[in-house]
Amino acid sequence: MNVSNSGKVILITGGGSGMGREAARRFAAEGATVALFDVNVAGMAETVGTFDSIHSWTVDMTDFAAVCAAVRDVEEKHGPIDRLYNCAAIMPFGKLVEQDNAIIHKQMSINYGGLVNITQAVLPGMLERGHGDFVSFASMAGIIPMLLTGAYTATKFAVRAFTETLYHEHLNSGIRFACVCPPAVATPLLQQGRDTAWPKMLEQQAAPIAPKVVIDAIESCLKKGKFFVYPTRDAKIGAIMRRLLPGLIWKQIHQVEGF
């Protein structure tokens, strides 16, 4: 158990399922007060369960005014936010020219726009206080694009670039930044991809990792001051391969997908 989280106020977006739920329950068990933001009311209720220290707000992450109002409410009721976990995302797949136009824009509005909104609502207070943890969830999809995943991948490239720039704009601010780049994680988010257009490449990869592996890696990197979080050895190798041999990766992708 991480006793350093005891007494902290931790805000988690996308707290109604998956990674957000896993993190919320873990931090609450460690003695933190946890605030959840999501549009999934039933999911947040399930996350809360029997924990008295987990509280939920129904928030559309694409609505900046609503996000700011909810952040103010959290801090008025529970105190300054010590840590942000931005997990909110959707992941429908498909060929870019065929995918519904509104779905492509919706992914960018939630996955990237939601990050922009929560950043401008939470980070100024952290900067003023001179401490805090800012954890942004990109993905290996934000490093290695694949066929059929273009819209989702574009959002995660944006998340990675935004978070990296944010980190460098606030060096020595007292804020610990982390940009998390996991491979497939065993959460309900994967089902959105499976229900739309699941790439064969993803079937060839290792089984999805447990959320706990990702959270452990984040905690370790925050303590060590490492910005990029690669939870597995394969993720680290993938990031290096993408940088050094992008053409080879694309060749393999085309061979596997068959087009």
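Here, each number is a calculation from the coordinates, and none is a lab measurement. On a predicted model such as this, the values are computed, not experimentally measured, just so you know. All Cβ positions, even for glycine, are placed from backbone atoms using ideal geometry, and neighbour counts span all protein chains on display.
Residue by residue, the range 88-100 carries 3J(HN,Hα) couplings of 4, 6, 10, 8, x, 9, x, 5, 4, 6, 9, 5, 4 Hz when phi is fed to the Karplus relation 6.51 cos²θ - 1.76 cosθ + 1.60 (θ = phi - 60°); x denotes Gly or Pro.
Label zone (Ser4, point 7 Å along Cα-to-C-beta; backbone nitrogen cut-off 20 Å) within the range 203-241: 212-232. Within the chain, the selection of entire DSSP H helices by a Cα span of 15 Å or greater along the long axis and an average Kyte-Doolittle value of at least 0.5 returns 113-129. Amide H contacts of Ala197: Phe93, each under 5 Å away and 5 or more positions distant or on a separate chain (H built 1.01 Å from N in the peptide plane; Pro and chain starts excluded).
Work out, step by step, the length gained on full extension between His168 and Asn101: first 0.36 nm times the residue separation, then minus their alpha carbon distance; give nm to one decimal.
Numbers: separation 67, 0.36 × 67 = 24.12 nm, distance 3.35 nm.
This chain segment gains 20.8 nm when fully extended.
For Ser17, no residue 5 or more places off, or on another chain, has a built amide H under 5 Å of its own.
Mean projection of the Cα convex hull over all viewing directions, computed for the range 112-209: 6.7 nm².
Based on C-alpha pairs under 8 angstrom that are at least 6 apart in sequence, the chain has a relative contact order of 17 percent.
Relative to the current alpha-carbon distance between Phe259 and Gln205, full extension at 0.36 nm per residue lengthens the span by 17.6 nm.
Shown for the chain: lysine pairs separated by 8 or more places, or found on different chains, whose C-alpha atoms are under 26 Å apart, numbering 29. With bins 10 Å wide beginning at 0, the percent of Cα pairs of the chain falling in each bin runs 7, 31, 37, 19, 5, 0. Computed 3J(HN,Hα) for the range 135-142, one whole-Hz value per residue from the Karplus formula 6.51 cos²θ - 1.76 cosθ + 1.60 where θ = phi - 60°, is 10, 10, 9, 8, 4, 4, 5, x, glycine and proline marked x.
Efficiency by 1/(1 + (r/R0)^6): what FRET value for Ala239 and Thr58, r their Cβ-Cβ distance, R0 = 45 Å, to the nearest 0.05? Before the final figure, lay out each step's value.
Working: r = 36 Å, r/R0 = 0.80.
FRET efficiency, Ala239 to Thr58: 0.80.
In this structure the amide hydrogen of Gly132, modeled in the peptide plane, comes within under 5 Å of the amide hydrogens of Arg176, none closer than 5 places in sequence on its chain.
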